[in-house]
Structures are given as structure tokens and as C-alpha cells.
Amino acid sequence: MTTNSDEDLLQRIAAGDRLAMRVLFSRHQLKIHRFVLRMVRDEAVAEDAVSDTFLDVWRDAGTFSGRSQVTTWLMSIARFKALSALRRRRDLGLDEEWAAGIADDADTPEVISQKADKGAVIRLCMERLTAEHREVLDLVYYHETSVEEVAEIVGIPEGTVKTRLFHARKKLAELLQAAGIDRGWP
């Protein structure tokens, strides 16, 4: 009898089992895609990073040591791929701050109403946080990752994760208050 735990799937992938790879991919692809997309903010780049992540999993499944959860290992690989993609983009001469400052005058009525929505305002406020603060908030709140796992994924001490979380929540609260949003939901 075979089990379908992530660890067992990785062992099967290391042995060349394509079906196990498809199962692992379908189980984690969406979560990893969302995580990477929030980092790179470009659908095509995110898709490439996710593909590269799972290509590495296919090649290196046998190197998984089991010291962390498979999800943590996958997120670490994905984070590295996303950061590499961002570095390549900067090397090509793109200035993200300059590009973010370009006004979008093509808003449709639907987009305008979405921007008025609290969720849209929260996302806009999140975008104003530093990349480090956005990253820890994203992992902890959107991906329900523990502080210990975030530390492993990002490669920083747990205390640093907690400090970043504290400052990120504080800054987000200030931004939301300035945008006229109280802490509660309607």
C-alpha cells in the first residue's frame, strides 16, 4: 500500500515516478504560484518561477532531507526562483519604483468600484510596505505559515521574523487608518 504524503511523493519522484510529480504539483502549484506572484507582480514571470521550482523538485527530490515540511522546502525553492527573476529584471534596466509611479489612466468603472472596496484598499496598502514586510505578512497570513517555517523559507532567524511581523502590522495599520479604514470589517 502506498501513501500519498508529500514525503512519500518526494521519494517516489526521486525514483522517477511521474504520477507522483503530477500529484505533488497539483497539490502545491496554486499556493506557490500565489506566493511567487505577490513577490514578482508579473504573471508570466511567476509562471516561469513556478515551472522552475517544480523542475528543481523533479531533479532534486532525492536531496530532500526531511528537516522541514515539504511545503517549506517548496516555498524556499520558489522564493529563490522569484528573487532570481527579480534580480534578472533589475539587471535588464527596469526600475520598479519608476514603473510603479506611472499613472494608470485606463481604469474602467469596474476597476474604480474594486478600488473603493476595502479589500482593494488593503491590497494597495500592502503594496506600500517594504518587500521584507510584505513577504512575512504574505507567508504568515495568506499562506498560514508558522514563524519557524517563515524563518526557514526566508533564511533569517525566528526573532527577525517576529520583529518584521510586528513592524509590518504596525505600518499596515497606519496606512489603513490614513486610508480611512478601521480595523473591523463591516
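Structure values in brief
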| quantity | calculated |
| --- | --- |
| Counted residues, the range 46-63 - those being of a type in the set (Val, Ile, Thr) and open to solvent by 80 Å² or more (accessible area, probe 1.4 Å) | 1 |
| Every residue from the range 41-73 that is at positive phi and more than 15 Å from the chain's Cα centre (by Cα) | 66 |
| Residues (closer than 15 Å to residue 123 by Cα, open to solvent by 50 Å² or more (accessible area, probe 1.4 Å) and either assigned to a helix (DSSP H, G or I) or among the basic types (Lys, Arg) (or both)) located in the range 134-185 | 141, 142, 169, 171, 174, 177, 178, 183 |
| Some residue of the range 68-85 being open to solvent by 60 Å² or more (accessible area, probe 1.4 Å), within 25 Å of residue 13 (Cα to Cα), among the polar types (S, T, N, Q) and modelled with pLDDT of 90 or more | yes |
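The values are calculated or read from the model by the stated rules, or taken from the named source; none is laboratory data. As the structure is a computational prediction, the values presented were derived from the model and not from experiment. Remember, those area values only see protein heavy atoms, side chains included, never the ligands or the DNA or RNA. Shrake-Rupley method; radii C 1.70, N 1.55, O 1.52, S 1.80 Å.
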